[in-house]
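Everything below concerns the one structure shown next.
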Amino acid sequence: MLYLRGDLGAGKTTLAQGFVRACGVCGPVRSPTYALVQLYPLGRETLVHLDLYRLRGAEELEPLGLTEWALPGCLWLIEWPERGEGSLPPPDLTVALSVEEGSHSALLTPGTPLGEAWLARLAAQSGADSS
């Protein structure tokens, strides 16, 4: 489970679209701003992309039927997770995006051992790329 946090225009949707493409989706990658949920089959796995910006509160999550996607083999990517606070599982990794002086920054924070493993792998790959 990945949480994407940041103000409007911070790059959450752009990052989500790039992530979906990196997972191998070749078709259209649409922001689920109006549909709220977009599913992408990835072979034996499914990417569940949520954009909760339009929600007024966590109680609006239940009618979306998300519990059927709370299964092993489903990777969740959630924009605006604070709109579902209290009804969403904790994130494996939170990506907090911000725009400062015309540049973008990202702060990655693990929330589970899986998130810590992802960051360790990313750090190892970054170290290998810089040598």
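Points worth noting:
Let's see how each residue does on (1) touching a residue at least 12 places away in the same chain (Cβ under 8 Å); (2) assigned to a helix (DSSP H, G or I); (3) within 18 Å of residue 14 (Cβ to Cβ):
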residue	(1), (2), (3)
39	yes, no, no
55	yes, no, no
68	no, yes, no
72	no, no, no
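- Residues considered: 97, 107, 119, 114. Of these, the only one that is in a strand (DSSP E or B), free of Cβ contacts under 8 Å to residues at least 60 places away in the same chain and either out of contact with any Pro (no Cβ under 6 Å at 6 or more places or on another chain) or closer than 23 Å to residue 79 by Cβ (or both) is 107.
Per-residue answers, yes or no, for (1) modelled with pLDDT of 90 or more; (2) touching a Gly at 6+ places or on another chain (Cβ under 9 Å); (3) surrounded by 10 or more Cβ atoms within 10 Å (Cβ to Cβ):
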site: 54; (1), (2), (3): no, no, yes
site: 70; (1), (2), (3): no, no, yes
site: 95; (1), (2), (3): yes, yes, yes
site: 100; (1), (2), (3): no, no, no
site: 107; (1), (2), (3): yes, no, yes
site: 110; (1), (2), (3): yes, no, yes
site: 117; (1), (2), (3): yes, no, yes
site: 122; (1), (2), (3): no, no, yes
site: 128; (1), (2), (3): no, no, no
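- Residue that is crowded, with 18+ Cβ neighbours inside 10 Å, closer than 27 Å to residue 98 by Cα, among the aliphatic types (A, V, I, L, M) and at pLDDT 85 or above, where the choices are 61, 15, 39, 8: 15
The values are calculated or read from the model by the stated rules, or taken from the named source; none is laboratory data. Small disclaimer: the values here were computed from a predicted structure and weren't measured. No Cβ is skipped: glycine too gets one built from the backbone with ideal geometry, and neighbour counts run over all protein chains shown.
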